[in-house]
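Have a look at the structure below before the remarks.
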Amino acid sequence: MAKMLPADTFDLVIFGGTGDLAMRKLLPALYHRDRDGQFDAGSRIIAASRRPLEREAYLAAVRESLSKNLAADDFDEKQWNAFSDRLHYVTVDANAPDTWGELAALLADREDRIRVAYLATAPGLYGAFAAGLRENGLITANSRIVLEKPVGRDYVTAREINDAIGQCFRENQIYRIDHYLGKETVQNLLALRFGNSLFEPLWRRGAVDHVQITVAEDLGVGGRVEFYDRIGALRDMVQNHMLQLLCLVAMESPSSLDHDAVRDEKMKVLRALKPIGVDDVGSRSVRAQYSDGAIRGETVPAYIDELADGDASSTETFVALKVEIENWRWSGVPFYLRTGKRLPAKHSEIVLQFQDVPHSIFPEQEYNVQPNRLTIRLQPDEGVKLSVMAKEPGPGGFDLRSVSLDLSFEETFGVRYPDAYERLLMEVLRGNPALFMRRDEIEAAWSWIDGIIAGWAGSRQKMDSYVAGSWGPSASSMLLDRDGRSWHPEA
Ligand code: BG6
């Protein structure tokens, strides 16, 4: 297990402290870090929300949520008592200036400690919260602000949010979360690429035929349908998580792990993305919505039936893209991306498929020689797999089979995989922004995504449909089929 370094004394204020994110992700993550002894006695977690609530009632709600969201043997009374001593509750309404007093009183005379404002609220309120913190004199030299995604819904709104926050906080105080960057396997990608010399000569055009990135979910949109219907899969998953994965696969080696060194390299990839626009959305993108179907034998309704009665919707719940990176390393090597709700399983992976052997001594009619593949499994069963051709054992004949050198991280390291938020919250407390998105990254990603959205609108590209529980519409297979390729079968 990696070393557990304690955090300096802090006050962490969670705006949106009664919301889903706070209850399901942030508080369980903080509970774990506290249990491992990383918080000192004086550190406090202050939940803030518009709703007037007694501290006791808030504690009861947190207790219930922790007992649901933690593994049974992770929750115990003694630890809960210690954790709940840190928890405070205050009422704050971002848009009502006279509601900040209680928070200001709690934070008074504590300027020396680390102060984090975590905005787990609707992005439309980010500017108002930042301004409220400034106007009430609550921003100190040790302050940091954390913004949940989505930062905006396009380039223009992202800039507006960034400008509003930028008027109150310096860029190095702003932590824009993409929780995929806190996932262990995503960080392992850095270890795999830059902690081994084996892969580097092969990590480029000339050796790699193409790359596939799949982030599949079996869940539908559930209780978030109203929000999701204004967003869709491209904005919800591709603009952030999938482009970040693509950047980590495609970027050059940074000169160090320094936050700006890593982010500068990601930025170069974002700038090198070939635009997808009105002329080529038809050949380089697929969008689709699920109809009713079955997942593991359970019938699930169509997306439009999850919306309020009678609503029509042109929101995509699935998207597939053929992405091209215009630089020397990747010229001519397509990156195929796909993500969707209500696919057969929760399954995320990155696959690098290498080129065919240049000359096969095994005739095609007799031998099924498969190209090598490096698969990085993000979830579930995190690990790395390299498929190679091997001779089947036996004294007679000569048969070939594709077999795997398979590394399961959980089996190898035998430890619990911390949730992404555990790492990201600790990075905020320690003041390390390397795993967070810089302003220019967010805006570059939006500007590329805006091109696709404008292309869809301008070309009237049709919305496909797919059966819930399938791997998406046939157009998604055709996207690769046209190039003589297919999606990795294990997905
Ligand atoms: C969120 C999206 O950012 O990521 C959700 O808004 C999605 O729609 C979620 O379900 C997926 O995250 P994970 O960690 O479960 O793969």
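The values are calculated or read from the model by the stated rules, or taken from the named source; none is laboratory data. As the structure is a prediction and not an experimental result, all values here were calculated from the model. We place every Cβ from the backbone using ideal geometry, glycine too, and count neighbours over all the protein chains shown.
Just name the residue that is nearest to Leu181 (Cα to Cα) out of those in the range 387-397 that are touching a residue at least 12 places away in the same chain (Cβ under 8 Å) and surrounded by fewer than 17 Cβ atoms within 10 Å (Cβ to Cβ). This residue is Val388.
Residues in the range 40-57 that are of a type in the set (Gly, Ala, Ser) and either part of a helix (DSSP H, G or I) or free of Cβ contacts under 8 Å to residues at least 40 places away in the same chain (or both): Ala41, Ala57.
Name the single residue that is farthest from Pro150 (Cα to Cα) among those in the range 204-222 being in contact with a helix residue (DSSP H, G or I) (Cβ under 8 Å, 6 or more places away or on another chain), among the β-branched types (Val, Ile, Thr) and more than 10 Å from the ligand (Cβ to nearest atom). Per the stated criteria, the residue is Val208. In the range 367-407, which residue that is among the hydroxyl-bearing types (Ser, Thr, Tyr) and not in a loop (DSSP other than H, G, I, E, B) is farthest from the ligand (Cβ to nearest atom)? Taking the candidates together, the pick is Ser402. The criterion of being among the small types (Gly, Ala, Ser) and either assigned by TED's automatic domain parsing to the domain that holds Arg115 or within 15 Å of the ligand (Cβ to nearest atom) (or both) does not hold for Ala164.
Scanning the range 85-115 for residues that are in a strand (DSSP E or B) and touching an Asp or Glu at 6+ places or on another chain (Cβ under 7 Å) gives Val90, Thr91, Ile114, Arg115. Picking from residues in the range 58-98 that are without any contact (Cβ under 8 Å) to a residue 12 or more places away in the chain and under 27 Å from Gly124 (Cβ atoms), the one that is farthest from the chain's Cα centre (by Cα) is Asp98.
Which residue is nearest to the ligand (Cβ to nearest atom), if the candidates are limited to the range 174-203 and must be more than 21 Å from Pro433 (Cβ to Cβ) and exposed (fewer than 14 other Cβ atoms within 10 Å of the Cβ)? Among residues in the range 174-203 that are more than 21 Å from Pro433 (Cβ to Cβ) and exposed (fewer than 14 other Cβ atoms within 10 Å of the Cβ), the one nearest to the ligand (Cβ to nearest atom) is Gly195.
As for the range 223-238, it holds at least one residue that is within 12 Å of the ligand (Cβ to nearest atom), over 16 Å from the mean Cα position of the chain (by Cα) and either modelled with pLDDT of 95 or more or among the small types (Gly, Ala, Ser) (or both).
Evaluating Val146 against the criteria (1) outside any strand (DSSP E or B); (2) within 16 Å of the ligand (Cβ to nearest atom); (3) touching a strand residue (DSSP E or B) at 6+ places or on another chain (Cβ under 9 Å) leaves one unmet condition, (1).
Tell me the residue from Ile453, Ile442, Ile449 that is assigned by TED's automatic domain parsing to the domain that holds Asn240, in a helix (DSSP H, G or I), surrounded by 14 or more Cβ atoms within 10 Å (Cβ to Cβ) and more than 19 Å from the chain's Cα centre (by Cα), please. Write out each step before concluding.
Values: Ile442 fails: more than 19 Å from the chain's Cα centre (by Cα); Ile449 fails: more than 19 Å from the chain's Cα centre (by Cα).
Result of the check over Ile453, Ile442, Ile449: Ile453.
Flag set for Ala158, criterion: outside any loop (DSSP other than H, G, I, E, B), surrounded by 22 or more Cβ atoms within 10 Å (Cβ to Cβ) and within 16 Å of the ligand (Cβ to nearest atom). Return the residue satisfying two criteria in turn: it lies in the range 404-452 and is of a type in the set (Gly, Ala, Ser) and closer than 14 Å to Thr185 by Cα, and of such residues it is modelled with the highest pLDDT. Only one residue tops the list, namely Ala420.
For Leu321, the criteria (1) closer than 15 Å to Asp229 by Cβ; (2) crowded, with 21+ Cβ neighbours inside 10 Å; (3) in contact with a Ser or Thr (Cβ under 9 Å, 6 or more places away or on another chain) hold in every case but one, which is (1). Cβ-Cβ distances below 8 Å connect no pair with a first residue in the range 226-250 that is without any contact (Cβ under 8 Å) to a residue 60 or more places away in the chain, a second residue that is within 9 Å of the ligand (Cβ to nearest atom), and a separation of six or more residues or different chains. For the structure I just gave you, tell me whether Ala60 is outside any helix (DSSP H, G or I), assigned by TED's automatic domain parsing to the domain that holds Thr121 and of a type in the set (Gly, Ala, Ser). For Ala60, the condition - outside any helix (DSSP H, G or I), assigned by TED's automatic domain parsing to the domain that holds Thr121 and of a type in the set (Gly, Ala, Ser) - is not met. For the criterion of being surrounded by 14 or more Cβ atoms within 10 Å (Cβ to Cβ) and in a loop (DSSP other than H, G, I, E, B), Pro363 fails.
If the condition is being within 21 Å of the chain's Cα centre (by Cα) and basic (Lys, Arg), then the range 185-222 contributes only Arg193.
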